[in-house]
Amino acid sequence: MESFWNPFGARSMIDPASGPFLFDTSAESRIARSREPDLLHWMSEYLSRHSVNISAVTVLERVRGYSLLWRRALSERREVIETARITYLNELGRVWPIDAAVAVVAAEIMALLPEPPTGPWRTHSFRESRQDRLARWRFDAMIAATALVAKLPLIHDNTEDFETIRGLLSVRPSAFLKWDLFIYSESTF
């Protein structure tokens with residue numbers, strides 16, 4: 001595999017012209033918040049050639065995030081959060097639906113990997129429940145399935161989960177014969 005530029009740390013290049021790519025929620029969110037000059041330049045180059053491709057699941061995750069922030073926010077912050085949510089929705093690129101083909105591929109992924117390969121998130125102020133972790137894992141499986149069906153390389157910031165999915169493609173290739181998946185992660189992008 002060629003060397004790729006990692007907007008999340010490493011300094012090898014992937015040519016933005018080699019897209020289009022499907023952006024996972026974590027990557028899309030990180031790019032949207034970024035102030036890193038190299039990442040902003042890469043994204044500008046990418047957008048000069050391609051639109052942003054995301055799964056409908058990414059829209060679900062991002063809007064859910066805005067809604068949760070809004071509910072927890074002090075009243076003076078709510079307008080800022082709602083403006084950010086509306087801006088996000090108005091600037092969506094291509095949104096790939098969860099159709100029958102994506103559902104079938106996601107079901108195969110979930111059947112082969114019923115449990116998340118990593119545990120719940122824990123920080124000093126946050127602890128993800130097992131139920132929330134399982135939901136996040138299922139969302140990741142649907143995003144990977146979308147990338148497979150759309151035949152788009154997947155850009156993500158979640159190496160452990162998506163590399164596990166890539167690895168399972170060799171376990172039961174007959175379930176994925178129509179699709180091929182290239183995943184560019186924080187370690188290879």
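The values are calculated or read from the model by the stated rules, or taken from the named source; none is laboratory data. Since this is a predicted model, take the numbers as computed values, not measurements. With ideal geometry, Cβ positions are generated from the backbone for all residues, glycine too; neighbour counts draw on all protein chains shown.
Things to note:
- Pairs with Cβ under 8 Å, 6+ apart, first in segment 26-39 and in contact (Cβ under 8 Å) with a residue 12 or more places away in the chain, second β-branched (Val, Ile, Thr) and in a helix (DSSP H, G or I): Glu28/Thr58; Leu39/Ile31
- Flag for Met1 being more than 21 Å from Asn158 (Cβ to Cβ), in a loop (DSSP other than H, G, I, E, B) and modelled with pLDDT under 90: no
- Within segment 48-71, restricting attention to residues that are without any contact (Cβ under 8 Å) to a residue 40 or more places away in the chain and touching a Gly at 6+ places or on another chain (Cβ under 9 Å), the residue that is surrounded by the most Cβ atoms within 10 Å (Cβ to Cβ) is His50.
- The combined condition, being at pLDDT 90 or above and either in contact with a Lys or Arg (Cβ under 6 Å, 6 or more places away or on another chain) or farther than 30 Å from Pro16 by Cβ (or both), is not fulfilled by Ala135.
- Looking across segment 77-98, the residues that are out of contact with any strand residue (DSSP E or B) (no Cβ under 8 Å at 6 or more places or on another chain), charged (D, E, K, R) and surrounded by 12 or more Cβ atoms within 10 Å (Cβ to Cβ) come down to Arg77, Arg78, Glu82, Arg85.
- Any hit, segment 60-76, residues being in contact with a strand residue (DSSP E or B) (Cβ under 9 Å, 6 or more places away or on another chain), within 28 Å of Ile14 (Cβ to Cβ) and at pLDDT 95 or above: no
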